[in-house]
């Protein structure tokens with residue numbers, strides 16, 4: 001082939017013409033297809049229809065809304081939302097709306113509570129806790145005067161349903177709701193006593209299942225403790241009312257007293273103790289083993305233990321109250337129709353395991369905080385058995401360790417950390433109210449050691465501490481012949497030496513406390529007055545009471561050097577305390593001249609109320625009539641009082657005091673009463689002769 005032929009291109013072969021059925025059209029991606037040829041447009045075009053006042057915001061005008069603009073109806077709908085956050089937000093919205101519009105809660109209280117109660121069994125813990133806070137902080141405080149049985153029944157139905165829920169956290173949380181309801185409406189418990197105790201017993205029997213959630217378990221135990229405490233308070237109220245006349249407590253057209261009706265709720269509870277108390281004891285034993293095994297004891301575990309012991313203690317107190325009510329003076333149960341025989345319950349047998357483990361011993365090398373916790377538990381257990389001490393038999397229950405613990409407790413020889421003194425005084429209220437009866441019922445060989453420990457603790461007690469009142473109440477019960485225990489103790493010669501120490505400290509307490517703690521001063525003066533009123537002539541109690549007046553001298557005047565007088569606390573005490581101190585004077589067998597001089601110095605002080613001065617004259621005159629004041633000493637007291645009474649020179653009868661002087665009206669009132677006393681001392685001529693002798697020597 002030549003070069004010319006190479007430059008020419010070959011002609012293309014012509015395609016054969018064939019028949020074409022479909023024409024392929026190339027289209028770009030994303031471009032809309034044109035409508036088919038047979039397409040019919042059915043769309044309708046019209047202008048927008050705008051009606052005035054058709055917006056949602058306008059529909060809410062005049063309605064109460066929360067901060068997000070939601071009405072109560074809209075919030076109700078959201079409380080059932082599938083999302084937990086939405087349910088919580090709805091509850092908070094209801095709270096916000098009720099706070100902003102309190103009237104809404106009062107108008108729609110039934111609807112609000114009906115909707116809120118549905119969240120008691122909510123699966124989310126945060127939602128339940130939010131509901132609890134709303135009921136506690138908003139609903140119950142705002143409806144305090146309108147909380148009625150129908151309203152509480154709305155909540156209780158769901159609470160009881162939650163108490164039997166399959167989920168452990170919901171079940172335990174239900175008891176927290178119940179405690180809140182009982183706190184605000186106590187009769188809710190008495191209306192459902194049996195059902196409530198059945199649910200608590202079921203929780204205690206499955207204690208290990210709920211032990212992991214100790215926070216809610218503590219709430220459940222605290223709720224049980226509150227219910228039992230409510231029954232204890234009711235039993236005490238019944239005891240107070242039982243001393244009233246039966247006819248005054250009789251119901252209209254009925255032969256049943258109110259006290260008997262009130263005890264019906266307590267009987268229902270006591271009948272459950274055969275199941276409840278053993279369950280509590282088992283829970284305590286399981287918890288204490290777990291508590292000891294912890295490397296570091298936490299507060300929640302200790303609180304659960306403390307609530308458990310508190311429940312046992314209240315159960316025992318209720319048992320003792322019902323037993324004493326139906327136990328006759330001859331040791332048999334009174335036969336009354338419809339009343340349960342609570343004496344058949346062997347409470348000591350139910351508590352035998354607890355007695356065997358007392359005192360709870362702590363492991364070695366524990367910290368100071370753990371020492372205090374073990375001590376508190378032992379004190380609470382001690383209180384439990386002090387309620388039952390009259391039935392404890394030394395053969396069945398060896399009592400040595402129990403008495404030794406109380407002796408060490410009073411002497412401060414128990415391990416309770418570095419803050420020994422303050423913790424001991426704080427827990428004295430648990431033991432001291434039982435001490436008089438306990439000491440009279442204890443075995444004779446232990447009576448003197450226990451009284452010695454009590455006396456040492458009393459002498460070492462700070463006079464301005466709350467424990468001082470506890471000691472004074474115990475001493476009053478042991479000294480005054482108002483109970484069998486005091487008569488037993490006062491007849492024991494080994495006890496009399498302790499009695500002397502108790503009485504001699506009373507004036508010292510008055511001197512130290514003064515007007516800083518008037519409640520303590522008033523208690524001491526009442527005790528001194530009671531001793532004087534109840535002491536028999538020439539008895540040891542009467543002799544020691546007479547010895548008190550020597551110590552009371554500084555209660556009126558501390559020091560007297562010529563015209564310089566340092567007054568004691570008597571002048572600064574309130575009028576009721578001064579009245580008690582003056583009444584004590586009447587019971588001294590012979591009032592000394594030193595005490596009269598101190599008393600006269602106080603009466604001459606212008607700051608002393610004139611009616612108190614007249615009261616002093618009245619008591620001394622009454623003491624003179626029974627031979628407790630010599631006539632010469634009474635004359636000297638009255639003359640000194642009138643001669644040295646400072647009166648303002650101006651002639652007016654105003655009751656106000658001017659500087660160191662009293663008004664003339666006060667002096668006139670005092671002089672009138674003194675003359676009245678002199679006229680009653682005997683024949684006027686004879687009295688004038690005696691007076692002339694006194695006046696001529698002045």
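Quick note: the coordinates plus some simple rules give every number you see, no bench work behind them. Since the structure is predicted, the reported quantities are computational estimates derived from the model, not experimental observations. FYI the Cβ positions are ideal-geometry reconstructions off the backbone, even for glycines, and counts take in every protein chain you see.
Taking neighbour Cβ counts within 10 Å as the exposure measure, how do 446, 391 sort from fewest upward?
In order of increasing Cβ crowding within 10 Å: 391, 446.
The label-point distance for residue 519 and residue 161, in a model that sets each label 7 Å from Cα toward Cβ, rounds to 4.7 nm. Spin-label model, residue 632 to residue 675: label points 7 Å out along the Cα-to-beta-carbon direction sit 2.8 nm apart. Calculated on C-alpha atoms, the gyration radius of the range 64-191 divided by its Kirkwood radius gives an Rg/Rh of 0.95. Once you reduce the range 568-620 and the range 181-196 to the center of their Cα atoms, the two points are 54 Å from each other.
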